[in-house]
Amino acid sequence: MSTSVTQLTTSPLLKVKGLHMHFPISEGVLLQRSVGQVKAVDGVDFTVQRGETLGLVGESGCGKTTTGRCILRLEKPTAGEIIYDGVDLAGLARRDMQAMRRRIQVIFQDPYSSLNPRMKVGAIIEEPMKVHGTEPNAARRRERARELLSVCGLAAEFADRYPHEMSGGQRQRVGIARALALNPEFIVCDEPVSALDVSIQAQVVNLLEDLREKFGLTYLFIAHDLSVVRHLCQRVAVMYLGRIVEMTDSDTLFDAPLHPYTQALLAAVPVPDPLVEQTRVFRPVQGEVPSPINPPSGCVFHPRCPMAVESCKHTRPEPREVRPGHIVACSQINVQQ
């Protein structure tokens, strides 16, 4: 894993504090009334340093993508702060947010639906430059699009193709090139390799790492594949049911996880050695993930936790630093070194 520690600074580029995103549930056709809320994100705090890649992992439905969409302001948060380089994105007007979008871009999960099938690849990459007016000259936009294709490992001739003429890996490279078109500082990578074949995943992950080092980018890398996260990310935050339960540097998380949910996630990862795999004792997490409409009281993981005690049912554990740089939301863990 490439660390690039020298790029990190004490002042975070992004600071998320007390982020909530609750979606109302309505019933009725004409006179709709609210009957509940889906608590997709329910109090999330983290920071991302300049030049860093922070991994955000967890089961499907835990709130990872919603967190990313709130940072991009594709969703307006219910509550909380999203401080980007000193500016609170959560309270920005639409016009002011438009200017910030030049600095914050996204790579979407599905390369098949995130590209306009009626536009050629060159026009897709040029479009952000036209919308934001960063390059008014059409010839220079075309040249820039071809340059970005080359940077992302595609021949310049791909600019004249339509997305349906390309493979999934090639389409995702186009999506990466489009994200780079405005020279952003920060990119939200929303499971950018989960829809690709395993052999192609490694190529795209290596490309993202090379681009981070070449252009000084900062990533929020949303994923559920822990092997990809370990290779690419300096720090990892683990989410469960809308909350972060553990956050630390990548090596510590994978070598010495503390939260029982993190331990269960890592224990479920198969070992690529049949002899070792046969001798492993796998204890799956009991029960099902609770509904975000009605999450459990106290610690949201207590119905499935092997360490839970009576107080876990009533008291919500606050994230705390149990070791330097190692944050855990669990009242049963107390490690200080």
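Restricting to the stretch 13-49, and then to whatever is touching a residue at least 40 places away in the same chain (Cβ under 8 Å) and assigned to a loop (DSSP other than H, G, I, E, B), can you tell me which residue is surrounded by the fewest Cβ atoms within 10 Å (Cβ to Cβ)?
Among them, the one singled out is GLN49.
For (1) out of contact with any strand residue (DSSP E or B) (no Cβ under 9 Å at 6 or more places or on another chain); (2) of a type in the set (S, T, N, Q), each residue gets a yes or a no:
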residue	(1), (2)
GLN105	no, yes
LYS120	yes, no
ALA159	yes, no
PRO163	yes, no
GLY169	yes, no
ILE187	no, no
GLU191	no, no
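Take residues that are under 29 Å from GLU52 (Cα atoms), among the aliphatic types (A, V, I, L, M) and modelled with pLDDT of 80 or more and tell me which of the helices (runs of 4 or more DSSP H) falling wholly in the stretch 240-306 contain 2 or more.
260-267
Report, ordered by the first and then the second residue, all pairs with beta carbons closer than 7 Å, sequence separation of six or more or different chains, a first member in the stretch 211-231 that is closer than 19 Å to LYS15 by Cβ, and a second member that is in a strand (DSSP E or B) and small (Gly, Ala, Ser).
PHE221/GLY55
Show the residue pairs that are 6+ apart or on different chains and have beta-carbon atoms under 8 Å apart, the first residue being within the stretch 138-162 and in contact (Cβ under 8 Å) with a residue 24 or more places away in the chain, the second being assigned to a loop (DSSP other than H, G, I, E, B) and crowded, with 20+ Cβ neighbours inside 10 Å.
Cβ pairs passing all conditions: ARG144/ALA181; ALA145/ALA181; LEU148/ALA181.
The values are calculated or read from the model by the stated rules, or taken from the named source; none is laboratory data. Owing to the predicted nature of the structure, the values given are computational and were not obtained by experimental measurement. Note that each Cβ is placed from the backbone with ideal geometry, even for glycine, and that neighbours are counted across all protein chains shown.
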